[in-house]
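Heads up, the thing below is written out as structure tokens.
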Amino acid sequence: MKIRITPLNFATAFFLVLALITWLFKPASIIDKQPQQLTGAIALVFLVYAVGSAFLDMIFRNFFKDLKALWLIEGSFIALTVVIYLLVK
């Protein structure tokens, strides 16, 4: 089985690292203790994002066998997700 590196692999790794950093290094709160209590929940949300992006990567790999098409589709998916996020924000 060939190992294929794709954009959603990078996204999964990014979310896993972000969850680990959020869970291990609790942010110092200036105003209230609220952010320190929510770090576990925020880390869990990042883990859910990591699992979701890994699942989407497996789905896209089954539909697109060509690596170039896979990179194009996954890159477009990530760009579309970022644009929608910025529009909603």
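The values are calculated or read from the model by the stated rules, or taken from the named source; none is laboratory data. Model, not experiment: these values are computed from the prediction. Methodologically, a virtual Cβ is constructed for each residue, glycine included, from the backbone with ideal geometry; neighbour enumeration extends over all protein chains shown. Calculation scope for accessible area: heavy atoms of the full protein, side chains included, ligands and nucleic acids excluded. Shrake-Rupley method; radii C 1.70, N 1.55, O 1.52, S 1.80 Å.
Here the calculated FRET efficiency for THR81 and ILE21, from their Cβ-Cβ distance with R0 = 25 Å, stands at 0.75, rounded to the nearest 0.05. Backbone phi angles across the range 77-83, fed through the Karplus curve with coefficients 6.51, -1.76 and 1.60 (θ = phi - 60°), yield HN-Hα couplings of 5, 5, 5, 5, 5, 5, 5 Hz in residue order; Gly and Pro are listed as x. Determine the share of the chain's accessible area contributed by carbon and sulfur atoms, expressed in whole percent, with a 1.4 angstrom probe. C and S atoms contribute 77 percent here. For the residues LEU38, LEU70, a 1.4 Å probe over the protein chains yields an accessible-area ranking, largest first, of LEU38, LEU70.
For the chain, the solvent-accessible area with a 1.4 angstrom probe is 79 square angstrom per residue.
Spin-label pair LYS2-PHE14: with each label point 7 Å from Cα along the Cα-Cβ axis, the two points sit 2.5 nm from one another. With the simple model of a label 7 Å out from the Cα in the direction of the Cβ, LEU44 to ILE59 spans 2.3 nm. Loop sites here are chymotrypsin sites (Phe, Trp or Tyr not before Pro) outside DSSP states H, G, I, E and B with no more than 16 other Cβ atoms within 10 Å. The longest part of the chain free of them is 26-63.
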